[in-house]
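Any read-out appearing in this document is the output of simple, stated calculations on the displayed coordinates, not a laboratory observation. The model shown is predicted, which means the values in this text are computed figures rather than measured ones. Neighbour counts run over all protein chains shown; Cβ positions are idealised from the backbone, glycine included.
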Amino acid sequence: MELDHLAVAGETLDAAVAHIEEALGVEMLPGGKHDHFGTYNRLLGLGGGLYLEAIAIDPEAEKPGQARWFDLDRFSGGPRLQNWICRVTDMDAALAGLDVDAGVPVALRRGDLRWRMAVPGSGVLPFDNCFPALIQWDVAVTPAELLAPSGCSLRRLEVAHPQAASLRAAVALDDARVVFVEGESALRAAFDTPHGVRVLA
């Protein structure tokens, strides 16, 4: 399991994009639509195999027949860092090795991209959405490698949860940038940017 990207959700995509651009002081790049879940996004390359995603429900899309990923059906309030996503090389083996229900694999595509994402039937990930969503890329080149550099890089991802120790034990990730702290469920990330260290929550 490796850190792949972070997702900022908003009631609208414009709100999510503005939240990121104001926090980091850089402009996001175009993304695309996810027809399966009725969502769309914009992206920002972070270097080091990572990227940042702004995501929201696409008002022009048909309502999907299942819960949307990232718990977007229940999303309300201001835009915020909502989810973190980790890539695995064998989705079935990764899910079988977990002690929590991280969802079932859904095959997805956008343009030339192909991937599988583990999505719970409810759309809600374990530990109040503080458990990472799992992704398996089925292409040789991932979005992180395709995106132009933004001058931003992840310094630290703080995952807060009342059961931080249990969450840490459940996540099979060895990444010094990711820290787990006890507290109200929330994500907070610090980035090195062209304007110094900036925080996104």
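What are the residues in region 98-122 that are in a loop (DSSP other than H, G, I, E, B) and either surrounded by 13 or more Cβ atoms within 10 Å (Cβ to Cβ) or on the phi < 0 side of the Ramachandran plot (or both), if any?
Answer for region 98-122, where residues must be in a loop (DSSP other than H, G, I, E, B) and either surrounded by 13 or more Cβ atoms within 10 Å (Cβ to Cβ) or on the phi < 0 side of the Ramachandran plot (or both): 98, 99, 100, 101, 102, 103, 112, 120, 121, 122.
Residue 92: surrounded by fewer than 13 Cβ atoms within 10 Å (Cβ to Cβ) and touching a Pro at 6+ places or on another chain (Cβ under 9 Å), yes or no?
It is true that residue 92 is surrounded by fewer than 13 Cβ atoms within 10 Å (Cβ to Cβ) and touching a Pro at 6+ places or on another chain (Cβ under 9 Å).
Residues being within 16 Å of residue 83 (Cα to Cα), surrounded by 13 or more Cβ atoms within 10 Å (Cβ to Cβ) and acidic (Asp, Glu): count how many of those fall in region 140-185.
1
Of the residues that make up region 62-81, is at least one of a type in the set (Asp, Glu) and free of Cβ contacts under 8 Å to residues at least 12 places away in the same chain? Give the derivation first.
The initial filter retains those residues of region 62-81 that are of a type in the set (Asp, Glu), namely 62, 71, 73.
From what's left, free of Cβ contacts under 8 Å to residues at least 12 places away in the same chain: none.
Among the residues of region 62-81, not one is of a type in the set (Asp, Glu) and free of Cβ contacts under 8 Å to residues at least 12 places away in the same chain, which makes the answer no.
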